[in-house]
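So the structure is just underneath, and the comments pick up after that.
The values are calculated or read from the model by the stated rules, or taken from the named source; none is laboratory data. As the structure is a computational prediction, the values presented were derived from the model and not from experiment. Every residue, glycine among them, receives a Cβ derived from its backbone with ideal geometry; neighbour counts consider all protein chains shown. For the accessible areas, the whole protein counts, side chains as well, though only heavy atoms, and no ligand, DNA or RNA atoms are used. Shrake-Rupley method; radii C 1.70, N 1.55, O 1.52, S 1.80 Å.
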Amino acid sequence: MKSEFLGKRRRAFVLALLVFSLMPLLASAGRQSSGDVTPRHQRQRQYKTASIDDRVKSLAKLLDLDEKQQSELKGVLWSRHEQVIKMLRAESRSPVDRVKQLRAINDNTVERITALLNEEQKKKYNPAGHLEAPGTSAKASLEDWLKTTKQK
């Protein structure tokens with residue numbers, strides 16, 4: 001029962017990190033629809049997010065992927081990216097619906113990536129670990145995060 005409780009807390013923590021990682025996308029979508037005409041190349045990026053190529057390289061190194069797997073992984077990540085952008089631009093959805101749809105997109109992405117891997121690679125693959133913010137570890141808990149933010 002305790003591990004079930006910890007699992008729920010960890011899922012909540014990972015979801016919070018995921019939502020915060022998508023905030024730059026939400027902000028840029030809001031600027032585009034509000035009539036902001038500043039060219040993209042003149043805007044200063046506040047957040048440095050890993051590109052799809054960076055993610056493919058990282059996972060390729062971690063999981064020892066061959067060229068075919070890397071190519072298929074890139075397609076899966078592009079598909080996820082397009083689905084998330086489409087979901088964020090759908091103004092008629094409530095925030096609750098967006099979170100549900102985002103979870104479904106992420107679950108589908110994990111399934112598709114797992115299907116590309118052999119048994120050895122599946123043992124190394126940790127989908128939750130790739131959703132965490134830089135500088136956090138899989139062992140970090142919500143309480144640790146709250147303590148850190150309260151100290152600042």
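What nm distance separates the two modelled labels at R89 and A115, each placed 7 Å from Cα along Cα→Cβ?
Distance between label points: 2.5 nm.
First select every other residue whose beta carbon is under 10 angstrom from the beta carbon of I113; then total the charges, Lys and Arg +1, Asp and Glu -1. Spell out each step's value before the answer.
Values: positive: R80, R112, K122; negative: E72, E111.
Taking every other residue near I113 into account, the sum is +1.
For the residue pair T148 and A104, what label-to-label distance in nm results when each label sits 7 Å from Cα along the Cα-to-beta-carbon direction?
It is 3.3 nm.
Could you compute the net charge surrounding W78? Neighbours are other residues with a C-beta less than 13 Å from the C-beta of W78; K and R count +1, D and E count -1.
Working: positive: R55, K74, R80, K86, R112; negative: D53, E72, E82.
Here the count lands on +2.
Express the carbon and sulfur contribution to the solvent-accessible surface of segment 57-127 as a percent, rounded to the nearest whole number, probe 1.4 angstrom.
On the way: 2400 of 4770 Å².
The computed percentage sits at 50.
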